[in-house]
Amino acid sequence: MTKAEKLRALPSVDIILRDEDVVALQEHNSLAQITNWVRAAVQHCREQILHNPDAFDANPTRWITDYVTRQSKADLGQRLQPVINATGVVLHTNLGRSPMSDAAIDAAKRASHYTNVELNLDSGRRSKRGERLMELLAQLTRAEDALVVNNCAAATVLVLQAIAAGREVIVSRGQLVEIGGGFRLPDVFRAAGVTLREVGTTNRTYLQDYEAAVNEETAAVIRVHRSNFHLSGFVTEPTIDELVQMQRPDSVAMIDDLGSGAMLDLAPYGLQEPNVLNSIRAGADISLFSGDKLFGGPQAGILVGKKTWIEKLRRSPIMRAMRVDKLTLAALEATTEIHLAGNALTELPTLRMITTSADSIRQRCESLLKRIEQTDSITVVPSESQVGGGSIPGSSLPSYALRIAGYPPHHLAHHMREGSVAIQTRVSEEAVIIDLRTVAEDQLTDLADGINSAIRHVHPLANTETAPE
Ligand SMILES: *Cc1c(COP(=O)(O)O)cnc(C)c1O
């Protein structure tokens, strides 16, 4: 066919829209969206033919419908939807970190209507946004004052910019971390216009190193928790108590970036993580941590500390660009109330999952196994869950999992991700691992349905023992 003939033979958008495979896509996509994909595909074919006379020798209809089907699949895979987290990683950043408590979900839902976010219903007067939450956070952490921004990264930027722009901040070389998502501490300092004064070495930094670096330009000392990696061996660094006591003028702030911000002592569960109360008790001027790590709430950056310093942050011109919306305020208020009531371990899903015993997870595995139709290739095995989210690197929680062998594990995992309820699993050593630490009781039915469907649809591997040489 000549180029002109090929161009004339290109199917119209309307014809493609009547193709039965394309019609079927309307179950999950709007007609407008499908039409856009079809137009783009037809346009692509036209351009290819113009550039290359050999392109699309046969009728491109099949190519176009396949393209549209792939677009739809890719789009479905990105649509935000609930996911059953069967990875055993509690604070899974790709799955939105901390799941919220029922109370926080209800609070956010109620606040999504008109809500008194800046109105005191008693006096009828305007109130400060989030004032009650700040009081609750201060009460909970025994700090003088509190402030909330979008996330802990924003909190770091706010602190640096508001109290140290144009001046120096001292950091140990062992704490110059990259948090993830390209958030690297030295770059953040530069962006905030703060000079980074590195002290010590990668593995050892002494109090004297900090003290020797203080000069007229020093605005603050910051301690940064090594959230996502582990230093062991010949390692020294001062504790927050020692840092607070170091020789420095009163104008030099002591800042403690805790990262995950544990409110409870998790040592009984085998986990060592810096605690917010310790940091405040030690006398840090500003302690900052995430709302959606071990605090168990929505994404937020929480700053607590001395009134004069927090007030300085509150008055910063960039604060307005970092403030959280009413849904976050409502969810965080509900989460903080749970901490204050002493119910964190039972009512916050994150802490409930972290503190669940391996034995009850094993029982959960048995109860899931009972709902699986074809159990020949499935065993209950010990597993190791992770806290994740840059909390507690290097320590794992003993757990149990279902191990599904005898199927191509990546096919199985793919099928489970694309099921009517998405399920994210772990693939390890030629098997799919379903760790139940991060699966709630009321998700077991959907999880069993997903496993049953995957096993029905994915071809088992040929039995290697009987396979011919
Ligand atoms: C996780 C973490 C942050 C970033 O917190 P986000 O809330 O994700 O912005 C900052 N500092 C430390 C030490 C962290 O662990």
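The values are calculated or read from the model by the stated rules, or taken from the named source; none is laboratory data. A quick note: this is a predicted structure, and the numbers were derived from the prediction, not measured. FYI the Cβ positions are ideal-geometry reconstructions off the backbone, even for glycines, and counts take in every protein chain you see.
Put simply, of LEU303, LEU313 the only residue that is modelled with pLDDT of 95 or more and either basic (Lys, Arg) or in a helix (DSSP H, G or I) (or both) is LEU313.
Specify which of the listed residues (SER101, SER72) is modelled with pLDDT of 95 or more and more than 23 Å from LEU329 (Cα to Cα).
From the options SER101, SER72, the qualifying one is SER72.
Enumerate the pairs (first residue in the range 75-94 and on the phi < 0 side of the Ramachandran plot and of a type in the set (D, E, K, R); second residue anywhere and buried (at least 16 other Cβ atoms within 10 Å of the Cβ) and outside any helix (DSSP H, G or I)) with beta-carbon separation below 9 Å, excluding pairs fewer than 6 apart on the same chain, so at least 6 apart or on different chains. Listed pairs, sorted by first residue: ASP75/ASN29. For the range 237-252, the criterion of being β-branched (Val, Ile, Thr) and touching an Asp or Glu at 6+ places or on another chain (Cβ under 6 Å) is met by at least one residue. A single member of VAL177, VAL221, VAL194 is at pLDDT 95 or above, within 22 Å of SER260 (Cα to Cα) and within 30 Å of the chain's Cα centre (by Cα), and it is VAL221.
Of ALA153, ALA162, ALA146, which residue is in contact with a Ser or Thr (Cβ under 6 Å, 6 or more places away or on another chain) and among the aliphatic types (A, V, I, L, M)?
On the way: ALA153 fails: in contact with a Ser or Thr (Cβ under 6 Å, 6 or more places away or on another chain); ALA146 fails: in contact with a Ser or Thr (Cβ under 6 Å, 6 or more places away or on another chain).
Answer to the check: ALA162.
Listed here are the residues, each with its yes/no results for (1) touching a helix residue (DSSP H, G or I) at 6+ places or on another chain (Cβ under 9 Å); (2) modelled with pLDDT of 95 or more; (3) of a type in the set (S, T, N, Q).
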residue	(1), (2), (3)
GLY96	no, yes, no
ILE105	yes, yes, no
ALA108	yes, yes, no
SER112	yes, yes, yes
ASN116	no, yes, yes
SER123	no, yes, yes
ARG126	no, yes, no
ARG132	yes, yes, no
LEU137	yes, yes, no
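Those residues that are under 21 Å from the mean Cα position of the chain (by Cα), surrounded by fewer than 18 Cβ atoms within 10 Å (Cβ to Cβ) and closer than 19 Å to ALA192 by Cβ, I need them from the range 308-342; list them, please. ARG323 - this is the single residue of the range 308-342 that is under 21 Å from the mean Cα position of the chain (by Cα), surrounded by fewer than 18 Cβ atoms within 10 Å (Cβ to Cβ) and closer than 19 Å to ALA192 by Cβ. Restricted to the range 1-31, and to residues there that are among the acidic types (Asp, Glu) and in a helix (DSSP H, G or I), the residue that is nearest to THR69 (Cα to Cα) is ASP21.
Would you be able to say whether some residue in the range 266-288 is of a type in the set (Val, Ile, Thr), within 16 Å of the ligand (Cβ to nearest atom), touching a helix residue (DSSP H, G or I) at 6+ places or on another chain (Cβ under 6 Å) and assigned to a strand (DSSP E or B)? Yes: the range 266-288 contains one or more residues that are of a type in the set (Val, Ile, Thr), within 16 Å of the ligand (Cβ to nearest atom), touching a helix residue (DSSP H, G or I) at 6+ places or on another chain (Cβ under 6 Å) and assigned to a strand (DSSP E or B). Checked against (1) within 15 Å of ASP257 (Cβ to Cβ); (2) buried (at least 19 other Cβ atoms within 10 Å of the Cβ), THR205 meets all criteria but (1). Just to be sure, is VAL90 farther than 27 Å from VAL235 by Cα and within 16 Å of the ligand (Cβ to nearest atom)? Yes.
Of the listed requirements (1) in contact with a Pro (Cβ under 7 Å, 6 or more places away or on another chain); (2) exposed (fewer than 14 other Cβ atoms within 10 Å of the Cβ), HIS225 misses just one: (2). The set of residues in the range 68-101 being in contact with a Pro (Cβ under 9 Å, 6 or more places away or on another chain) and either assigned to a helix (DSSP H, G or I) or of a type in the set (S, T, N, Q) (or both) consists of ASN85, SER98, SER101.
Among the residues of the range 424-443, write down those that are over 12 Å from GLY88 (Cα atoms) and buried (at least 19 other Cβ atoms within 10 Å of the Cβ). If the condition is that a residue be over 12 Å from GLY88 (Cα atoms) and buried (at least 19 other Cβ atoms within 10 Å of the Cβ), then ALA431, VAL432, GLN443 are the ones that fit. Only one entry of VAL235, VAL244, VAL169 meets the criterion of being touching a helix residue (DSSP H, G or I) at 6+ places or on another chain (Cβ under 7 Å), in contact (Cβ under 8 Å) with a residue 40 or more places away in the chain and surrounded by fewer than 22 Cβ atoms within 10 Å (Cβ to Cβ), and that entry is VAL244.
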